[in-house]
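Structure first, commentary second.
The values are calculated or read from the model by the stated rules, or taken from the named source; none is laboratory data. Just so it is clear, the structure is predicted and the values come from calculations on it, not from any experiment. Here the Cβ positions follow ideal geometry from the backbone for every residue, glycine too, while neighbour counts run over all protein chains shown. These area figures cover heavy atoms from the full protein model, side chains too; ligands, DNA and RNA do not enter into them. Shrake-Rupley method; radii C 1.70, N 1.55, O 1.52, S 1.80 Å.
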Amino acid sequence: MAPTHDDPRHVLPPSPDSELDALRDLVSSLYLNHNPALVQIRAGALFARLKALNRAANHATRVHKQATADARHEMDQTYLGLQNLLYEKRHLEREIDKCRQFASVYQDIPVHSLEEFMLLAPEEARTEEVLTDEHQLMLNRLSFELSERQRLDLRRKELVKEKEALLKESKAKLATMESVKSHIDTLMKTATEVQKKVHDLVDPIPTASESPSPPVPS
């Protein structure tokens, strides 16, 4: 970008040396014989030139002051930005150290070996791209481990329900068997009592050895 008119590199304080030298000459012996009116006109022109140079010098000073203030502000902003970056860097380094020192639960969880993962996991979870990314591979292994455990837990709950149903059915059958056994025992007891009463009421049928002898003819 081309420098502006007020670029401090191109706004230099003007030098009044030539005008001051000319004024010294006017008061020297060199101009004693010159027309005083002409000397006065010459002096007025030199003073006017000095005033213009003074205004130019003041302008150059203001430009340089502003440039210095702008440069200082830019430097302060740059320094502040640098400090912010350094602070953020230290913060990130601390966070990285915390992450490295963090003992994740998954490190203590037994998971399928890599060989088992390669055999059992879905194909999209073990692509070549995943296998080359250690972090993604571990995430996929943990995801597969979670899905397997959820599947096995669901199967366990189904088996528990089946077990409870079988136990309930077994208890019901056992109760029925106990009831039938009790009923049979009651029937047998009743039959024994009835048999005893019948035996008490009816004379026993004699056996052959107990039959009476026929009468002897006379």
Query raised in the report: Assuming LYS51 fulfils every condition listed in (1) in contact with an Asp or Glu (Cβ under 9 Å, 6 or more places away or on another chain); (2) of a type outside the set (Asp, Glu); (3) in the same structural domain as ALA22 (by the TED database) apart from one, which condition is it?
Result: (1)
Query - Test set (1) of a type in the set (Gly, Ala, Ser); (2) part of a loop (DSSP other than H, G, I, E, B); (3) at pLDDT 90 or above - SER170 fails condition number - result: (2)
Query raised in the report: Out of all the residues in segment 186-208, is one or more at pLDDT below 60 and part of a helix (DSSP H, G or I)?
Result: yes
**Report entry** Hits in segment 123-136 - residues which are surrounded by 10 or more Cβ atoms within 10 Å (Cβ to Cβ) and either in contact (Cβ under 8 Å) with a residue 40 or more places away in the chain or in a loop (DSSP other than H, G, I, E, B) (or both)
**Finding:** ARG126, THR127, ASP133
Report task. Determine which member of the set LEU174, LEU146 is hydrophobic (A, V, I, L, M, F, W, C), open to solvent by 70 Å² or more (accessible area, probe 1.4 Å) and more than 26 Å from the chain's Cα centre (by Cα). Result -> LEU174
Query raised in the report: Within segment 108-116, is even one residue among the small types (Gly, Ala, Ser), assigned to a loop (DSSP other than H, G, I, E, B), surrounded by 10 or more Cβ atoms within 10 Å (Cβ to Cβ) and at pLDDT 85 or above?
Result: yes
